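Have a look at the structure below, then the notes.
Please treat every number below as a calculation from the coordinates, not as lab data. The structure displayed is predicted, hence computed values, not measured ones. A quick note on method: Cβ atoms are made from the backbone with ideal geometry, for glycine too, and the neighbour counts reach across all protein chains shown.
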Amino acid sequence: MSAIPETRSVEIAERGNPARRRCQARDLISLYLNYPILFPMRKSLNRRALEIMRNKLNAIVGTRAKIEEVQRSRLRELLSFCSLRNPFYRDRFRRAGLREKLDFCPEGLAQLPPLTKVDLQESFDRLVSEGVSRERLVENSSGGSTGDPVNLLQDRNFLAESLATAFISDKMQGWDFGARRALLWGSPKDCGRLSSAKARLSAYLNNENCYDSFNMGIREMQRFHEELTRFQPDNILAYASSIYLFARFQKEARIKPNYPLRSIISSAETLTDAMRAEVEECFGVPVYDRYGTREVGTIASECDHHAGLHLHMLDHYAEVVDFETGQGIWDKPGRILVTLLTNYAMPLIRYDIGDVGILTEDFCPCGRSALLVKKLLGRSSDFVVSPSGRLIHGEYFTHAFYGHRGIRQFQFVQETATLYLVRVVKSADFQPPSLEAVRHEIELVLGQNAEIRFEFVENIPSARSGKWRFTISKIPLPVGQNRETAS
Ligand SMILES: [Zn+2]
């Protein structure tokens, strides 16, 4: 049975753009040969992912109560497995006094301490479940850009489930099987492998072209623009910072791109309102936010109502907890904890993923009943603390630069409790008064005791992951203090 809607073939036939007609053979190969036949044949994992996707699509159209029932049963199954087969959690459950019959549910889960990145680093071997063959597991790592990389092991079930959920997320956001997709992506894991002939063939069949966000100098962005004009993608999937940088480049060069045709999917980083506005203005298509990480896959995805991001509740049980009390909260910012329901090889239970966001029980007008992440406020390292202890979201600093011409790129770094460094890449029409206006905006929130230094640089390199960070804090977030937030 094919998962591809019939309307796709009509859309392809109707494309009138000459540039698109030139490459139509590839569209047809991707839609009619690759996804229904070759893709499931290439790997049993792909076949399994398509099957899971169809089951999940049926399950997620149910009522919230129905989805929660399936989620609770998946959670119970995971906790039962861990109590028998996982040394790390067996101890943790015993210490928290969890009883199988009564406590293997969301209420019992809340009695467990969060799982931190330090736990993952220090208890790696004890977190691997007993009786799983390590040869069949895939190693993954994450967090290189925040300076505390974690390694973990994932089983084939997780890989198939997360591929299925990625397809569901893409379908919510303007992509479908056979559509042309451009990836503005920097991870060597995803893009670097395209150097092999097999990977290039697979990208051809999937109708995907990759553009390296590791390397986004002016000349490279000019080349991306020319290639994308020829390729005419339906979608661009990009890191939030990469697509924002690309939009700023186009604005400065006074280019009005005629691509993508449908949507931009922004992922892997916080997409601020200012960034979204600038990207939508430049490309003239809606931007959809997607929240996911290598550790746990796609957690939540925005639908076309843009009223928040729908949680993928069959894959994860997500909580937001208060910074100070650790209690679960709704409609207020707190730390996001994720319990991954699909990886039994190295389970992640109440994993503190390092992000701050707001959860709500409100329903989305689109009719999907999955819970919403109302707002993602960023990584905890995106927050800056003023000398008086005020917590300020990095988005504020993006706003401070908004609308000033002559600044190609910037980065705001909190070096110490009172020292802040602003790196600026000037463009040809740079005007010094712009910088004074920016300084004034920054002083408004940091106060007079802040030492603000500007530094002009030729370029701002991306982190090893290929992501660009606009705000970096080198000091830990204070916990246990009263604070106000501003964004
Ligand atoms: Zn919705």
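Side notes on the structure shown:
- Interatomic Cα distance distribution for the chain, bins of 10 angstrom, percent: 4, 18, 29, 27, 16, 6, 0
- For the chain, calculated [θ]222 nm from helices alone, where every DSSP H run of n ≥ 4 adds -39500 (n - 2.57): -10500 deg cm²/dmol
- Charge dipole (debye, nearest 20) of the chain; +1 at Cβ of Lys and Arg, -1 at Cβ of Asp and Glu: 1420
- Around the amide H of A300, modelled in the peptide plane, lie the amide H atoms of Y291, H312, all under 5 Å away and 5 or more residues distant in sequence or on another chain.
- Counted by Cβ distance under 12 Å from V424, the other residues give a net charge of +3, where Lys and Arg count +1 and Asp and Glu count -1.
- Virtual spin-label span in nm between E443 and S427, 7 Å along Cα→Cβ: 2.7
- Proxy reagent accessibility, fewest Cβ within 10 Å first, across I460, I67: I460, I67
- Approximate shape of the range 196-251 as ellipsoid semi-axes (Cα gyration tensor, √5λ), whole Å, largest first: 21, 12, 11
- Furthest towards positive pole of dipole, I392, S141, P432, structure part the chain, Cβ charges: S141
- FRET efficiency, F81 to D331 (Cβ-Cβ, R0 35 Å, nearest 0.05): 0.60
- Value of relative contact order over the chain, rounded to a whole percent, pairs C-alpha under 8 Å and six or more apart: 14
- For the peptides 356-364, 199-207, 174-182, 54-62, residues were scored by their other Cβ atoms within 10 Å and the scores averaged per peptide; the highest-first order is 174-182, 356-364, 199-207, 54-62.
- A simple packing score, the average count of other Cβ atoms within 10 Å per residue, orders the peptides 447-458, 89-100, 73-84 as 73-84, 89-100, 447-458, with the highest score first.
- Along each principal axis, Cα extent of the range 334-379, largest first, Å: 37, 22, 12
- Which of N207, H404, L152, positive extreme of dipole for the chain (C-beta unit charges): N207
- Cα-centred dipole magnitude for the range 34-73, charges only on beta-carbon of K, R (+1) and D, E (-1), debye, nearest 20: 140
- Both the radius of gyration and Dmax for the range 216-291 are 11.3, 31 Å, in that order, over alpha-carbon atoms.
- Multiplying each eigenvalue of the alpha-carbon gyration tensor of the range 86-178 by 5 and taking the square root yields semi-axes of 28, 19, 15 Å, largest first, rounded to whole angstroms.
- Top positive-direction residue, dipole computed over the chain with Cβ charges, set L28, N86, L309: L28
- Sorted peptide list for 215-224, 272-281, 343-352, 153-162, criterion being average Cβ within 10 angstrom, highest first: 343-352, 153-162, 272-281, 215-224
- Amide H contacts of I472: F412, V413, Q414, each under 5 Å away and 5 or more positions distant or on a separate chain (H built 1.01 Å from N in the peptide plane; Pro and chain starts excluded).
- Remark: C-alpha extents of the range 221-378 on the principal axes read 50, 34, 31 Å, sorted largest to smallest.
- Given K56/K332; K426/K474; K251/K474, the pairs whose alpha carbons are separated by over 26 Å: K56/K332; K251/K474
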